[in-house]
Amino acid sequence: MAQSKLQQMSFGFLPGGRTTGLVCAAALTTLVALIDWRFDVNISFGFLYLFPMLMVGSLLARWQIALVAALYTGLCEAFGSFPWTHAVGIPRVILTFVAFFGTGLFVFESARNRRLADQHLLEIEKEIGLRREAEEQLKVLIESSPATIFTLDGKGKVLLANDAAHRLLGLAAPSLEGTYISRYLPALAVVPPMSAETQAFRTVMECRGWRQNGDVFLAQIWFSTYRTLSGPRLAAVVFDASEDLREREEFSLQQLQSASKILVGAVCHEIRNMCGAIAAVHAKLARNEKLSRGEDFRALGSLVEGLGRMAGLELQQSKQLETERIDIHSVLEDLRIVIEPSFRESGISVRWEVPESLPLVSAEPQALLQAFLNITKNSQRATENQPRKELAVRASVEGNALVVRFIDSGCGVAAPDRLFQPFQAGADATGLGLYLSRAFVRVFQGDIKYEPLDEGCCFAVVLTPASDRQEESLEQEDGENSPAAARRSHALSREPQPAARH
């Protein structure tokens, strides 16, 4: 279609295109030849062949133009009234051929340049149309996007802001355009504009923002700087992360409270054991009547009894966490996202041996992930100075349990009998990691075990598969449309991914 349009533009003076042009040129050539043949006067009509040559010059190729020029030269000499001599005829034939051929080449190049210009014009029009369509789609995308999008100039003035930006800052559209962003997001105003001395920024930052009514919110900003003909520009996508901050802090507080309860329970347990031993000694000494009459002895008994009552405040760990049916693949994938960058920097290779088909387990996802993370961090510290740096994560079904093993190439454990005791002497960190991890896992009827190896170290996390009876009871408690039921339905319908090996 574009080619036919080009032909129409190139041969616009001819109503029928190339064929009609050639027919007209042939007819005009015949007419000029008849005139030159019929009129025997001392005038050459050969110059009239220039008109059909102008026509065929835009229709034929170069070699075809040369043949036509030779034909017109022959007709001029055949029907011309000038006498033929070698001294005059040969130069006249050469000059006549050059005149016809040069005219044809001039028209040929002019027509070719016109066709190229017309084709270039069509391409420009097509590009303009595509660019206009892309701009319209981009404008609709920006305006309808739920994400807050800004475009700023080099001085921090807002050039473009979508409806989401106005809603985020509590303004009516389009009042934000033309104002300075420093009033709402001061961190964006201090980003240096792109210049010949500075490089382009493409990064993300977290800062505080202010709405029009003075409310403060936590903003996550993805921004980049670029250069235009009008000067430097900055494009930013802003997200209100206040809810994420609240959830993160609440989760941290919940984890801190859970860990504190476990620690308090451990301390109370030890105190109660000591109080029991002291009470036994106290009861034995009370048989001595002389000693039992003393005020100090009775005061000591009261102190031991009070300390025992205080130690009896140990909390039940079984009520600290709420379990649910989870897919172990999702927890291991989250673990992989968290640990692989640091393991890669330490030069430790991680091999994941996780079968596609594994039963669902009854656990609390965050607590289980925290236990996995603590074990892998211990493996990282144990192997980063070893000549062979490897960690294998292996999952398997053994009997009525799902076992996830973490096998590293570290130096092993010197005292396995004291491995899960709190406040380990000489520990690299706090000495509570394995103790708390096992306590968390035991809440949902699991356990963490140390399995000695000839080389390296192995920790096995034993989990209890979720039974159908547990699923039915959970569905009765939550209902079919509850968020917990939706999460379990998603876990059941999830297609397991093939295990990756590194």
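Data table
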| quantity | calculated |
| --- | --- |
| In sequence order, calculated HN-Hα J values of the stretch 398-405 (Karplus, 6.51, -1.76, 1.60; Hz; x Gly/Pro) | 10, x, 9, 10, 9, 10, 10, 9 |
| Gain in span if fully extended, Ser230 to Trp210, counting 0.36 nm per residue against the direct Cα distance | 4.3 nm |
| Where N is the number of residues in the stretch 150-242, Cα Rg divided by 2.2 N^0.38 Å | 1.03 |
| Peptides 86-92, 323-329, 18-24 ordered by average Cβ neighbours within 10 Å, highest first | 323-329, 18-24, 86-92 |
| P(r), alpha carbons of the stretch 325-416 - 5 Å bins starting at zero, rounded % | 3, 13, 24, 24, 17, 12, 6, 1, 0 |
| Dipole magnitude of the stretch 138-237 about its Cα centre (Cβ charges: Lys, Arg +1; Asp, Glu -1), debye to nearest 20 | 100 debye |
| Amide H contacts of Asn162 (H built 1.01 Å from N, under 5 Å, at least 5 apart or other chain) | Ile149 |
| Ranked list, fewest to most other Cβ atoms within 10 Å of each Cβ, for Met55, Met205 | Met205, Met55 |
| Footprinting exposure proxy for Cys411, Cys268 (fewest neighbouring C-beta atoms within 10 Å first) | Cys411, Cys268 |
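The numbers here are math on the coordinates, done by the rules we state, and not lab data. In this text, all values refer to a predicted model and were calculated from it rather than measured experimentally. Cβ atoms come from the backbone with ideal geometry, glycine included; neighbour counts cover every protein chain shown.
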